[in-house]
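Some notes on the structure that comes next.
The values are calculated or read from the model by the stated rules, or taken from the named source; none is laboratory data. Small disclaimer: the values here were computed from a predicted structure and weren't measured. In this analysis, Cβ positions are derived from the backbone assuming ideal geometry, glycine residues included, and neighbour counts consider all displayed protein chains. In case anyone asks, the SASA skips ligands and DNA or RNA and just uses the protein heavy atoms, side chains included. Shrake-Rupley method; radii C 1.70, N 1.55, O 1.52, S 1.80 Å.
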Amino acid sequence: MNFELNDEQRMLSDSLSRFLADRYDFEKRKKYIGTAEGFDRKIWQGYAEMGLFALPYPEDEGGIGGTPTETMLVAEAMGGAIAVEPWTEAIAIVPALLQAASSEQRAAIAEGIISGEAVPTWAHRETGMIERDEKMKTTARDGKLSGAKTVVSFGAEADVIFVSAVDDAGETGLYVVRKGAEGLEARGYRTQDEGRAAELTFDGTPAEKLEGGIPAAEAIAAAEARGLAASIGEALGIMEKAIDLTVEYIKGREQFGRPIGTFQALQHIAAQAVVEKEQVKSMAMYAALMCDEGDAETRDLALSTAKVKMCDAARFVGQMSIQLHGGVGMTMEYSIGHYFKRLTMLEILWGDRDFHMDRLCEAGGLAA
């Protein structure tokens with residue numbers, strides 16, 4: 001596999017990093033999360049003007065024709081800024097879900113997302129689906145949805161909601177619900193990592209079914225794979241920033257008459273964190289490349305391998321950052337605590353370490 005970036009990919013990474021450095025410093029981020037929607041629509045429009053939302057779509061649908069590798073680069077930059085918007089849904093998840101739609105549906109729905117006018121989200125999880133392996137209860141009948149979804153990212157703020165549901169035949173389908181639709185209720189709240197989520201209920205809510213493309217179950221699996229790969233890229237960006245912040249801190253923090261960064265024991269801990277981060281960098285690229293793997297089992301096992309490594313490294317880098325900062329690292333005044341919280345959330349998003357290790361063990365390791 002070729003892990004080298006081309007000129008266009010480097011340009012994408014550099015331009016987004018500059019945009020975020022200018023518009024998304026720590027103090028500005030606090031203002032964004034303090035707004036009613038939990039993010040700034042001007043920033044969202046800025047992403048659109050940069051072409052980020054057009055990345056995953058083919059050129060004949062108004063897109064740029066990017067790959068999961070470009071998505072990984074976006075995720076890495078977003079992680080470095082701990083950006084709070086539902087960019088993962090817009091760039092990684094929804095384009096994969098739209099594979100279940102006809103070309104006409106894709107073009108109509110993608111247009112608003114690419115332009116930045118519509119903020120999308122993905123409503124799939126239900127109480128009991130993960131912890132008790134229960135079947136999906138949200139139903140679709142005669143073009144209307146009934147049921148409930150939990151922990152929907154920006155579910156109360158999103159303009160377009162992609163919803164999974166089962167029909168009378170027990171088949172899983174994908175449906176699109178517009179903000180303010182009849183029978184839709186959203187209870188929004190702030191999450192531990194300063195994003196926003198909502199509990200959604202549907203009571204005879206009108207919905208448009210995605211049909212004419214690949215089976216919905218395949219589109220959902222592809223969306224989950226791309227969401228997982230993006231989360232690894234985001235974790236990489238967080239680790240890079242956490243290490244930079246920590247090294248800067250120990251260079252200036254003095255104890256016993258000299259900077260604590262001169263103590264060899266702390267240098268060794270910081271050096272090991274860099275090693276862990278570099279391994280995640282390789283795994284993030286590997287995960288992105290494997291998103292396009294035609295065999296679903298091979299793809300999923302590769303992604304599980306990457307996630308296990310990410311979890312191990314995230315635990316080490318996160319704890320190292322807080323330990324070397326000392327007690328101030330957990331205060332809200334220092335940015336490192338906010339990076340640590342998001343990194344901890346990413347450890348359990350899309351399945352925690354135990355989930356992915358179990359999947360690897362059951363399959364006997366990576367597919368040959």
Packing-based ranking, highest mean first, of 62-75, 98-111 given that Cβ atoms within 10 Å are counted: 62-75, 98-111
Cα gyration tensor category, rounded, prolate or oblate, for region 220-368 with a/c compared to 1.5: prolate
Alpha carbon centroid spacing (whole Å) that separates region 126-180 from region 51-73: 26 Å
Environment charge at residue 216 (Cβ cut-off 12 Å; Lys +1, Arg +1, Asp -1, Glu -1): -3
Of 42/179; 135/209; 30/209; 31/137; 251/277, those spanning more than 30 Å from alpha-carbon to alpha-carbon: 30/209; 31/137
Per residue solvent-accessible surface (Å²) - region 215-356, probe of 1.4 Å: 43 Å²
Test item: Cα-centred dipole of the chain, Lys/Arg +1 and Asp/Glu -1 on Cβ, debye: 1400 debye
Estimated 222 nm signal from helices in the chain, with DSSP H stretches of n ≥ 4 weighted -39500 (n - 2.57), rounded to 500: -17000 deg cm²/dmol
Given charges at Cβ of Lys, Arg, Asp, Glu: region 213-353 dipole, positive-most of 252, 280, 308: 252
Protein accessible area in the chain, 1.4 Å probe - carbon and sulfur %: 51 percent
Region 262-320 and region 90-116: distance between their alpha carbon centers, rounded to Å: 30 Å
Full-stretch length increase - residue 319, residue 360 - with 0.36 nm per residue and alpha-carbon distance subtracted: 12.2 nm
Hull-based mean projected area of the chain, where the convex hull spans the alpha carbons, in square nanometres: 19.0 nm²
Prolate/oblate/rounded call for region 13-63, Cα gyration tensor, a/c under 1.5 rounded: oblate
Packing-based order for 261-273, 320-332, 190-202, using average beta carbon neighbours within 10 Å, highest first: 190-202, 320-332, 261-273
Peptides 249-257, 52-60 ordered by average Cβ neighbours within 10 Å, highest first: 52-60, 249-257
Dipole of region 102-248, positive end: most advanced residue of 107, 202, 118 [Cβ charges, Cα centre]: 202
Local electrostatic count, residue 92, Cβ distance below 12 Å [Lys/Arg +1, Asp/Glu -1]: -3
For region 245-287: rounded, prolate or oblate by the Cα gyration tensor [a/c cutoff 1.5]: prolate
Dipole moment magnitude, nearest 20 debye, region 191-301 about Cα centre, only Lys, Arg, Asp, Glu C-beta charged: 780 debye
Most positive-pole-ward Cα, 289, 68, 263, against dipole of the chain from beta carbon charges: 263
